[in-house]
1. Quick check, is B:Thr552 among the hydroxyl-bearing types (Ser, Thr, Tyr) and modelled with pLDDT under 90?
2. Can you tell me how many residues in the stretch B:723-762 are in a helix (DSSP H, G or I) and over 30 Å from B:Leu510 (Cα atoms)?
3. Would you check which residues across the stretch B:19-60 are crowded, with 18+ Cβ neighbours inside 10 Å, more than 8 Å from chain A (Cβ to nearest Cβ) and under 23 Å from A:Glu67 (Cβ atoms) and list them?
4. Give me the pairs, please: first residue somewhere in the stretch B:363-388 and crowded, with 18+ Cβ neighbours inside 10 Å, second residue anywhere and not in a helix (DSSP H, G or I) and not charged (D, E, K, R), beta-carbon distance under 7 Å, and either six or more positions apart or on two chains.
5. Test B:Arg815 against the criterion of being surrounded by 14 or more Cβ atoms within 10 Å (Cβ to Cβ), more than 30 Å from B:Ala367 (Cβ to Cβ) and touching a His at 6+ places or on another chain (Cβ under 9 Å), and give yes or no.
6. Scan the stretch B:652-705 for residues that are assigned to a helix (DSSP H, G or I) and surrounded by fewer than 21 Cβ atoms within 10 Å (Cβ to Cβ) and jot them down.
7. For the stretch B:295-399, give me every one of the helices (runs of 4 or more DSSP H) that falls completely inside it and has 3 or more residues that are modelled with pLDDT under 90 and under 30 Å from B:Leu83 (Cβ atoms).
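The values are calculated or read from the model by the stated rules, or taken from the named source; none is laboratory data. What you are looking at is a predicted structure, and each value in this text was computed from that prediction instead of being measured. Cβ atoms come from the backbone with ideal geometry, glycine included; neighbour counts cover every protein chain shown.
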Amino acid sequence: MTKAAQRDLFPGALEMMILRTLKRQPLHGYALAQHIKRTSDDLLQIEEGSLYPALQRLLKQDLVKAEWGTSSTNRRVRIYKLTPAGAKHLQHEVSSFERMLEGITRVLAPGES
Amino acid sequence: MSWLRQLLSRRRLYSELSEEIQAHLDEKVEELVADGMSREDAIYAARREFGNVGLLEEKSRNVWGWPLVEDFLSDLRYGLRTLLHNPVFTVVSLLTISIGIAANTAVFSVVNSVLLKPLHYPRADELVALHQTAPGAEGLADFENGLLLSPSMYFTYAEQNRTFQSVGVWVAGTANVTGVAEPEQVRAVSVSDGLLQTFDVPPAVGRWLLAADQVPHGPERVMLSYGYWQRRFGGSPNVVGQTIMLDSRPREIVGVMPKGFQFVDADFDVAMPLAFDRGKVILAGFGFHGIARLKPGSTIAEANADISRMLPIWMDSWSNGPGSNSHIYETWKITPMIRPLKQEVLGNVGELLWVVMGTIGLVMLIACANVTNLLLVRVEARQQELAVRAALGAGWARILRGLLVESAMLGLMGGLVGIGLAYAGVRFLVAMGPSNLPRLTEISLDARTLAFTFVLSVLSSLMFGLIPALKYAGPWSKSTLRSEGRTMSVSRERHRARNLLVVGQVAMALVLLVSAGLMIRTFEALRTVDPGFADPQHLQILRISIPDSLVTEPERVTHVQNEIIDKLAAIQGVKSAGFVSEMPMEGFDSMWDEIFAQDKVYADNTTAPMRLYKYMSPGLLQTAGTKLAAGREITWSEIYGLRPVVMISESLAREMWGTPSAAIGKHVREFQTMPWNEVVGVVQDVREKGVQEAAPAIVYWPPFKENLFGPGPALAIRTVTFVVRSERAGTESFLNEIHQAVWSVNSNLPLASVRTMRDVYDKSMGQASFTLVMLGIAASMALTLGIIGIYGVMSYTVSQRQREIGVRLALGAQRGHVLQMVLQQGTKLALVGVAIGVGASLALTRLMTHLLFGVSSHDPLTFAAVSSLLILVAALACYIPARRAIRVDPVVALRYE
């Protein structure tokens, strides 16, 4: 992926997607990366590794928590789970993102004014 | 406390993170392998997908820490490690930096203590010296101190001013203390009322001398200096109220001034009231230094205007006696030139110190240039390492910071070592400093000096750290993992920075060498000047004062002095002896007189030029080695017979009558109304105020002469310098015999200022020799550093070009030709540096014009000598690496081609 593409992801977007994914089910890092890639249909190409600094930030803010467990392929992995604070934060972020998106869409929509 | 837990659990956190990332990669690889990819390809693919492992791991860790602090600590650790791995580089650069910083710190502490710190008086910025000039009074322009104040001026200024809080006058002299085992001459300061109030320094014990102590013929009182109090009274607090015999009269001690207190620049032992008798004060008597404290808000310009306003009042209020014209002083054009007291204390020493500071600063720049060069070479050698770090995910900012931390460590460590060295340096400076350097005893390393050192360390770190760091670690640098082509010589561009540094170093070294060279020439010129006395190390001098309380009758005083000469001359090994009111360069306040010649016409109401005058005994000229230009000496019988005879200096004779011999038989007198005196001898010019000052015109009176101020007995000069010529001068046994000889005449006479003329002469050269030594040290440091710089760059260049040279030799180039090529490259740099340096010196040496004597600041000889010396030395510094270059065995150099 190019540097330009990475810059296009606004700050907080990755965190939001992680939280949204974890809301469905707790996952470990690799599975999380694969899920985001798959669901985005590879439209968003994200360096897999860039998940980890984001996860650390979420951990530090107590929005997710992590526990060591065993993956489906029987490896020792750290499984991330949404905390109640994380769920609340996600809701807030999503709604503000939607408002922003709506605003942008209105401006971009042709012929309204 | 979660941050504390975080801090403590961080190591576990970090290892878990690594484990997690590794697990991620493993899982990916396995999945890819399961999809049919080869294991090797899978590992690459997994890494590609993941991104920069090291960088991402670091970013993840940074979420938890204080990245700035941690990075800094790790940079510090890393820097220390690299420094320790290159001990030679570290020691050489540390030495260079710390010597540079030490020299700068030491000199700055002198500049700070002497020039920058306020004087040791409360609210010292309000204090001013009442300096005034009299351009209309011919001859007065020579006055070192301008026109001093007369007692009547003091009264007028003190009572009529509008701009001063207080005004006082003082004069320094000596007094004899008796009543103890050995009589002692002490330094006495006589003060008017208002002087101590002006300084406003509270006494350590007792009280100040006050108005009540200034009553003429009233009770006689005295204050002591702290030093004299300790020495003489053991610091006893009961000293107040005791009496001390000063000039054979009892005086009551009223107080002690605190430690370190000085009257402007005068150290003293006792302070006595001047006790002017208002009823007898006349206009004249310009012999007192005036000090005032400005009212808050008053400026020096206002104070000058105030004095100008008071001068007519002064002339109206006082007179020089019945029938005299008070307004004669209007022709003198007396002009107030009040200046801050600090300026009065410092004199022209500021210029000297700033020149020294500037030269030492240049040395620092040269030192920095050298360290920059070393760092450039080293960073170049580390390019691979930096490239690897960049490839492993270090941002360029991080690498830049790492390099800067390294140089900052060098700078600060250098500063630390430098402070230690500077401490020794300051002691050296204080010991070295001319004794007439004001405030010498106040010099110390204080907080401001330490702050200066710190700033200097940081600035020099930036200076030598930034250039290599930006050159090789900036975002534009082309650090690559690719190995440097062994086959090519390094491009011209890569040498530019180093070449520039060498040129700069040579230029700065040239400036310093030229200024040191000019000082050497100055010193030479000073040494060749005939001071007007000969063989000073064999001239013993001492001051003796005979107060009227000890010997009342003036003629008797001269007899006592005559007897002392006879006794001194009788000491074994003494060639001859004599006395004079003051030997040249002794530094006492001079005495001045209007001198009229009989055969010259003076317009009414004008005064004759002021001339310096002295009193001299027979035999003095022969003793001092001062030549007689014409005529003869005054004899004892003429002195005792009160014959109207006089001697004059050669310069005065030439000015008035053209030649020394033409002056013989002419007549001169003081003031318009005095009797004429016949000129019987003309004396060789003497450098009265030091070698660098032109010899003044001098009139030599007999030591005992008619009282010209009215009826009464003749007058004798009571305080004189005895001069003894002997091979034994300065030895202890000789001094003992001198004491015995003097005391065999009168046992109450103390001997003061016992020294050889050599001491006096050296002291008067003090400033020149101090400047010479300081500039000499700076210049030799600059030269050494410059040579190291050129040598370093040349040997590095040669080592880089070794293969190229090998190829050239293999292809048949003559060794001599190659040698010439390398030499040319080096000397070209030196030549450019010399050219720039000559230009800079021409501009800069003008700043030291006042420190020079007998040599122009653009002295061609100095410039030529220094330039050729520098080019020669540079060529030599190139020759050694060049020799090595042509010894290259082409086979070895080409082996790897």
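1. Working: among the hydroxyl-bearing types (Ser, Thr, Tyr): yes; modelled with pLDDT under 90: yes.
In short, yes.
2. Filtering the stretch B:723-762 down to residues in a helix (DSSP H, G or I) leaves B:732-745, B:757-762.
Checking which are over 30 Å from B:Leu510 (Cα atoms) leaves us with B:732-745, B:757-761.
So the count comes out to 19.
3. B:Leu25, the sole residue that qualifies.
4. So the pair list comes out as B:Leu386/B:Ser479; B:Ala387/B:Ser479; B:Ala387/B:Thr480; B:Ala387/B:Leu481.
5. Details: surrounded by 14 or more Cβ atoms within 10 Å (Cβ to Cβ): yes; more than 30 Å from B:Ala367 (Cβ to Cβ): yes; touching a His at 6+ places or on another chain (Cβ under 9 Å): no.
So B:Arg815 does not fit the description; no.
6. First, the residues of the stretch B:652-705 that are assigned to a helix (DSSP H, G or I): B:652-657, B:660-663.
Matches in the stretch B:652-705: B:Arg654, B:Glu655, B:Met656, B:Trp657, B:Ser661, B:Ala662.
7. Working: elements: B:300-317, B:341-346, B:349-381, B:383-391.
Answer list for the stretch B:295-399: B:349-381, B:383-391.
Residue-wise test of (1) closer than 30 Å to B:Glu184 by Cβ; (2) crowded, with 21+ Cβ neighbours inside 10 Å; (3) assigned by TED's automatic domain parsing to the domain that holds B:Gly786; (4) in contact with a Gly (Cβ under 9 Å, 6 or more places away or on another chain).
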| residue | (1), (2), (3), (4) |
| --- | --- |
| B:Gly285 | yes, no, no, no |
| B:Phe288 | yes, yes, no, no |
| B:Ala292 | no, yes, no, yes |
| B:Asn304 | no, no, no, no |
| B:Trp332 | no, no, no, yes |
| B:Trp354 | no, no, no, no |
| B:Gly358 | no, no, no, no |
